[in-house]
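One structure is given here, and the rest of the page talks about it.
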Amino acid sequence: MIIDVNAWAGPWPALVNVPHDVASVRASLRNLGVERIFMAPLAAAWSANPHLSNSEVYEAVKKFDDVRPVPVIDPTLPTWPEELEKAAVHHAVRMIKLLPGYGGYGLAATDDLLEEARRACLVVMVQVRIDDPRRHHPLAMVPDVPARDVVEGAKRHPELKLVIGGASVTVLRDFKEELRELPGFYADTSQVDGVDSVKMLVDAGLGGKLLFGSHAPVFMPSAAVARVVNDLSDDAAKALLEDNAANLMSVRTGELNPKTSNAPP
C-alpha cells in the first residue's frame, strides 16, 4: 500500500491544462498504486479565509473512501479553535496543514494551535514551499518558510507529531540531526528532487523519518514514485511509501472510513 501524505486539489496559478479537481488528482494517484491519499485544498493558499476552502476535501471523503482530508488551519483567524475542533471531532481528521508563507505569520505565533493539535492527537504538517520561487509571478512572490522555524517548533513541542512538508533535499540534509533525534519530527519527499536525492537522505539515516508525498497536481506524481522505487531497496521503499506513514497516521488496510465516524483520530 502506498500512502501519499501530501496531495492537493484545486486551482493553482502555474497549472496549465492539468486537471486539479479531487476526482482527477485521485485518479492520477490511484493509477500509480496509491491507496491512501491525504489531500489538502490548494485554494486555501490564496484565500483571505483558508477555512472556507476546507469544505472541498471534507466533501471528497463522502465520495472516495481512500481520500483523507487535510484541512488548512490559519492561526491568525479568530475562528481557528472552532475549525480545529471541527476537523478533529466532526471529520475524524488525522492531519492538519499550516501555510505560514501564504498566511503571513511566523511559527512562533502558532504555539497555542500546536498545543491544541497535540491534545487532539493530530499530526501537523508545516508546508515550507508549495511551488518553486522561479515559477512565481513577480508580483506574487512567496518566500520559503525558514526550515529552522519548523525545527524550533518541533523542539518546543516534543510530544507533537510534526511534519515539514515541501522541503528540499538540501534543507533536509542540513537538519538531518534534528530529524533523527526528535522522535515526533518527520519530513515528506514531495520536493526532494534530483538524482539519488531520496537515497542520499536514506543513506544519511533518515529512512525512518521520511514520508512519501506526491505534491500532485502541482508536480507529476509519477516522478515522485520513481524517485523512491528506482533508487531504494525494496525494504527501504516500503518503509517510505507505506510503513512510516501508516505508523504515524494509524492507517491500515481495512480501517474504519473516517466519514462514518465522529471520533477523534
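Observations
- Just one residue in the set R30, R68 is of a type outside the set (D, E), more than 15 Å from L98 (Cβ to Cβ) and out of contact with any strand residue (DSSP E or B) (no Cβ under 7 Å at 6 or more places or on another chain); that residue is R30.
- Residue that is surrounded by the most Cβ atoms within 10 Å (Cβ to Cβ), among those in region 93-112 that are more than 16 Å from the chain's Cα centre (by Cα) and more than 21 Å from W46 (Cβ to Cβ): D111
- Remark: pairs (first residue in region 188-202, hydroxyl-bearing (S, T, Y); second residue assigned to a loop (DSSP other than H, G, I, E, B) and surrounded by fewer than 17 Cβ atoms within 10 Å (Cβ to Cβ); Cβ separation under 9 Å; 6+ apart in sequence or on different chains) = S197/D231.
- Members of region 122-177 that are under 20 Å from A43 (Cβ atoms), outside any strand (DSSP E or B) and of a type in the set (A, V, I, L, M): V128, I130, L139, A140, M141, V142, V145
- Search result, residues across region 228-252 that are more than 21 Å from F175 (Cα to Cα) and either in contact with a Ser or Thr (Cβ under 9 Å, 6 or more places away or on another chain) or assigned to a helix (DSSP H, G or I) (or both): V229, D231, D234, D235, A237, K238, L241, E242, D243, A246, N247, M249
- Count of region 1-48 residues which are out of contact with any Pro (no Cβ under 6 Å at 6 or more places or on another chain), not in a helix (DSSP H, G or I) and not aliphatic (A, V, I, L, M): 16
- Test: H90 is surrounded by fewer than 18 Cβ atoms within 10 Å (Cβ to Cβ) and either touching a residue at least 40 places away in the same chain (Cβ under 8 Å) or acidic (D, E) (or both): yes
- Residue match in region 71-90 (condition: part of a loop (DSSP other than H, G, I, E, B), at pLDDT 95 or above and on the phi > 0 side of the Ramachandran plot): no
The values are calculated or read from the model by the stated rules, or taken from the named source; none is laboratory data. This one's a predicted model, so the numbers in the text were calculated from it and none came from an experiment. A quick note on method: Cβ atoms are made from the backbone with ideal geometry, for glycine too, and the neighbour counts reach across all protein chains shown.
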